[in-house]
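Here is the structure we will look at, set down as structure tokens.
The values are calculated or read from the model by the stated rules, or taken from the named source; none is laboratory data. Treat the numbers as computed from the prediction; the structure is a model and nothing was measured. When we count neighbours, we look across all protein chains shown, and the Cβ atoms used for this are built from the backbone with ideal geometry, even at glycine.
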Amino acid sequence: MRPLLVVGGRELAARLRDGTALLVAVVAPIVLATLFGFALGGDDDPPLTATIGIVDDDGGQFPASVQREALQTEELRDVLTFAQYPDEAAAQAAVDSGAAGAAILFPAGFSDSVGEGNGGSVNVIESDESPLAGVVARSMVDRISSLVEARTYAVRASLEAGVPGDQVQEFVEANGAAGPSLTLADDPVSGGQVDLAMYYGSGMAAMFAFFVVGASARSLLVERRLGTLSRIRAAPIPGWTPVVGKMMVGFGLALVSMCATWLSSVLIFGITWGDPLGVFTLILGHAFAATMIIMLLASRAQTDSQADGYTLAVAFVFAFLGGSIVPVYNLPDFLQSLSLITPNGWISAGLTELAAGAGIGTVVVPALVLFGIGSVAGVLAALRLRKGLLS
């Protein structure tokens, strides 16, 4: 342990002396997280609102009942307003201009078709500029689809059971044929349940963890180029000592960086990231995964400049796909699926659930995945390093 502590202490002293540890691990992520928080989050934000346009070419019971139910939903009571438009062109113009965040189009004969058991469908127009309206509109369409499906099956089953055709509608309504109630089941961020100051603060913490560890990986390759690594390995110490020593420093600084960003976000904006034990568990898992991924990249790099390039590319790609820079719900569907191959995506998902009020149990799966990613990357890095830097 003594040689390991000496190497680690030397690495930490060098990082503190040249200022990179303070700048990359503490100053940069806190400053960026604070700027994002003031620009997009904070306590003084106005409440989120959503306007949804309605084109009712049907004139039947469904359009009115769905709107009435939406306005009676507690979480939408002070958020949602409806605007009526005469046709699709007017609704599209309203969405394009920002007058409405989304629009739902009910075709003529929709209610009659559903009542007869023939089914039916509605169309929705969305805008990327108003994600909350899109979430509400999709929830409403899902509700309508559930009602249509339930009513269609109920009518057909009633007819097959011998209920007279002129009594089917009354029979179905008396015995119930409703789908699930209207809820905001989409992303808690887009639904307004999570403060954006917390979301972007955690995103900056997750992204900069890679940069913090990258500095230690780079120094390992610099010492190989300068011959320092060979001199260290010539001493009567295990060959893995310099690698593990630098890895420990990188991991420790990444952990400090993420915790500092967490603390600053709480103190500056007065918000919560959720259960502290759950938050720390996810931070620990992400710091471990980031450390092992960067060490794996370092094991493949030939020069320190190449290691810098690998770190930069992975940090930004993972940050983009994992929601650290752009919320996942704003990405195309195929990119949203890719978010779960990144540690950023898993920590973002876990922290978002915690901040939305979920219990500590929700971090179990994200934490296990983060530690699993780190373990796999660590094993691969060890195998590569044995053939490279340690050979």
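A few remarks follow.
- Segment 303-357, subset at pLDDT 85 or above and of a type in the set (D, E, K, R), residue farthest from Met198 (Cα to Cα): Asp308
- Residues within segment 1-53 that are at pLDDT below 70, closer than 30 Å to Leu267 by Cβ, out of contact with any helix residue (DSSP H, G or I) (no Cβ under 6 Å at 6 or more places or on another chain) and not acidic (Asp, Glu), tallied: 4
- Counting only residues that are within 12 Å of Ser216 (Cβ to Cβ) and of a type in the set (Phe, Trp, Tyr), segment 248-266 holds 1 of them.
- Filtering segment 335-366 to residues that are surrounded by 21 or more Cβ atoms within 10 Å (Cβ to Cβ) and either of a type in the set (A, V, I, L, M) or in contact with a strand residue (DSSP E or B) (Cβ under 8 Å, 6 or more places away or on another chain) (or both) leaves Ile347, Ala349, Leu351, Leu354, Ala355, Val363.
Quick grid of which residues meet (1) assigned by TED's automatic domain parsing to the domain that holds Val222; (2) surrounded by fewer than 24 Cβ atoms within 10 Å (Cβ to Cβ); (3) part of a helix (DSSP H, G or I):
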| residue | (1), (2), (3) |
| --- | --- |
| Gly252 | yes, yes, yes |
| Ser257 | yes, no, yes |
| Val266 | yes, yes, yes |
| Ile271 | yes, yes, no |
| Thr291 | yes, no, yes |
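Here's the yes/no breakdown for (1) assigned to a helix (DSSP H, G or I); (2) small (Gly, Ala, Ser):
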| site | (1), (2) |
| --- | --- |
| Phe320 | yes, no |
| Phe334 | yes, no |
| Ser348 | yes, yes |
| Leu354 | yes, no |
| Ala358 | no, yes |
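- For segment 302-320, the set of residues classified as surrounded by fewer than 21 Cβ atoms within 10 Å (Cβ to Cβ) and aliphatic (A, V, I, L, M) consists of Leu312, Ala313, Val314, Val317, listed by residue number.
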